[in-house]
Amino acid sequence: MNLFKDFEGRVLNALEALERIQEKKGAISLDRVAVEPPRDPSHGDVATNAAMVLAKPLGTNPRELADEISRVLEKDADIERISVAGPGFINMKLSAAYWQGILADMIGAGETYGRSNLGAGHKINVEYVSANPTGPMHVGHCRGAVVGDSLANLLEFVGFDVTKEYYINDAGAQIDILARSVFLRYRQALGEEIAEIPAGLYPGDYLVPVGTALADDFGSKLRGMPETEWMPIVKDRSIEAMMRMIREDLAALNVVHDVFYSERELHGERARAIREAINDLTFKGYVYKGKLPPPKGKKLEEWEDREQTLFKSTDVGDDIDRPLIKSDGSYTYFAADVAYFHDKFERGFEEMIYVLGADHGGYVKRMEAVAKAVSEGKSKLTVLLCQLVKLYRDGEPVRMSKRSGDFVTLRDVVDEVGRDSVRFMMLYRKSSEPLDFDFAKVTEQSKDNPVFYVQYAHARCHSVFRQAVEAFEEIDLDSVDYPAAIADLISDESEIHLVAKLAEFPRIVESAAVAYEPHKIAFYLYDVASAFHVHWNKGKDNPELRFINVKKPNLSMARLGLVKAVAAVLKSGLSITGTNAPMEMR
């Protein structure tokens, strides 16, 4: 149960019972009425802005209207106390019996608690990582991978039909450079002395095995070929090797995509898809022959001072029109982007999310324009930009990786601190803000390390049940009716506070999904863990609050039900972040 939606319904019913609302029925809207947690928890458990948003259209004073609404709401048996604060906020404190009912529902739902049908099965495509296949994943890719994967998990949790997709940027000059870099390592494997990697080629040691494999398979045969002949062979082998490495890197981070889509195929085997996409835009009136004005300040990508086939993207929100076909008849890389979106639209996706690095800011308007033109407004496109990650060790910047040659690899980070630490900490700041990642801090076993603090709370829940097995040997804990056990027994203020924090989960999940903000889940889990640890520590000081009391088995079963609910929410939330929920930590 979503208690905020529950009380929103009760508030709306109270409003509809007012004469002044009935008199203006149809003339005023209740859409802006909301029920949320009050800013100050001491004011109550839920608050509504109803009087604030309705006073003006009803021609009355907000405080006066709030008092009138309160008189109707105070008849609700589940509201223990109601008060009006400030200019007209209505605050409600809920009864212990209501919280006990909420807790019973949580326990009954188990790990399905918080799930919803918000997405109603709508098809949504989340494309993330999409790194150039020219080397191992670096820490910059890592953040986009975690944000994209966690967002996809979150959207699936609330009922969307999600496809996780990786667009392979395997066309363009960088792939030619990759092939030449591998060919150099191939010559090295044949015994040539390579004193220094020439400027402009990729220097990383990760290319050595690729060159060695070519030497094993082809001997010196490739060395005698002109570049036009060996280039396609080396390209294929290089891309295959890089994508195998990338998949392994992503698997180490617990990231698995449903679809890998090749840009190179769009310019080759799927070239027909580009033609069809351009024809579709032409039919809709978005394509024309013309010249682009010369660029101001810096060179415009693929600019030519000749007539080209252009996309009239300024008609759909872009700053400039974009070239689709060059004067020599070849397709631009932007044409492939158009075809790729067109393909997604044809696959039936109602929403497309692109998770990109901060350096792709210039990509946003052009792709939003493509989405409007191709789908005629029927599909929603959102581009999420992930800001940079800075690595530190005890406050000092981390040096580059020897393996990569010029950056810190994702595997370096995962191998040192573990997958869970990487995933959770990459979410522990909004993706649009820069992130500082300190190796020392993410391995601390303290409250200051969020992933440890949350996982430890989950492990503590299971330690309580292990203690209960020893304390109540005569009771089969697996067969206890925990929802029934908690009736009238969960009533301490600290317990109710913990239940209230758990009850926020459905609202947090839906708001995070709607805003495409998976970091909200990480923040929330930390708050749940904090509330649980605080309650645990109160039990240390006051034996009456401990979860297990051998003299009071009924009370113990009720409190085990509470622990069960905490564990379920933590596990569900951690699963959204792609992080493990350990049953034991040492």
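Each reported figure results from applying straightforward, stated rules to the coordinates on display, with no laboratory input. What you see is a predicted model; the values in this text were computed from it and never measured. Positions of Cβ are backbone-derived with ideal geometry, glycine not excepted, and every protein chain shown enters the neighbour counts.
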Could you give the nm distance between label points at residue 326 and residue 474, where each point is 7 Å from its Cα heading toward the beta carbon? 8.6 nm
I'd like the Kirkwood hydrodynamic radius of the chain, using the inverse of the mean 1/r over distinct C-alpha pairs, in Å. 27.8 Å
Ratio of Rg to Rh over the range 303-359 (Cα coordinates, Kirkwood Rh, two decimals): 1.03
Using each residue's phi in the range 533-542, evaluate 6.51 cos²θ - 1.76 cosθ + 1.60 at θ = phi - 60° and report the 3J(HN,Hα) Karplus result to the nearest Hz, with x for Gly and Pro. 5, 4, 5, 4, 5, 5, x, 5, 7, 10
Nearest 0.05, what FRET efficiency do residue 554 and residue 511 give at R0 = 41 Å with Cβ-Cβ as r? 0.65
Residues whose placed amide H lies under 5 Å from that of residue 409, excluding near-sequence neighbours: 401
Difference of contour (0.36 nm per residue) and Cα-Cα distance, residue 5 to residue 433: 151.0 nm
With only helices counted (DSSP H, runs n ≥ 4, each -39500 (n - 2.57)), the per-residue ellipticity at 222 nm for the chain, to the nearest 500, works out to -15500 deg cm²/dmol
Nearest 10 degrees, 0 to 90: what angle lies between the long axis of helix 553-577 and the longest principal axis of the chain (Cα atoms)? 20 degrees
With the contact rule set at Cα under 8 Å and sequence spacing of 6 or more, what percent relative contact order holds for the chain? 16 percent
Nonlocal amide H pairs with residue 287, under 5 Å, H built at 1.01 Å: 312
Proximal lysines relative to residue 326, as straight alpha-carbon distance under 21 Å, when same-chain residues fewer than 8 apart are discounted: 284, 289, 291, 296, 298, 299, 312
Expected sort for 165, 156 with the fewest Cβ neighbours (10 Å cutoff) up front is 156, 165
Once you place label points 7 Å from the Cα toward the Cβ at residue 416 and residue 56, how far apart are they in nm? 5.4 nm
Which distance in nm do the two modelled labels at residue 463 and residue 288 give, with both placed 7 Å along the Cα-to-Cβ direction? 7.1 nm
Euclidean distance between Cα centres, the range 455-524 to the range 205-282, Å: 48 Å
Taking neighbour Cβ counts within 10 Å as the exposure measure, how do 437, 472 sort from fewest upward? 472, 437
Mind pulling the angle between the C-alpha long axis of helix 139-157 and the longest principal axis of the chain? Nearest 10 degrees, somewhere in 0 to 90. 50 degrees
So how far, in whole Å, is the C-alpha centre of the range 157-172 from the one of the range 30-107? 42 Å
With the Cα gyration tensor of the range 181-240 giving a ≥ b ≥ c as the square roots of its eigenvalues, does the rule (a/c under 1.5 for rounded; else a/b larger than b/c for prolate; else oblate) give rounded, prolate or oblate? rounded
So how do 8, 346, 193 line up by other beta-carbon neighbours within 10 Å, fewest first? 193, 346, 8
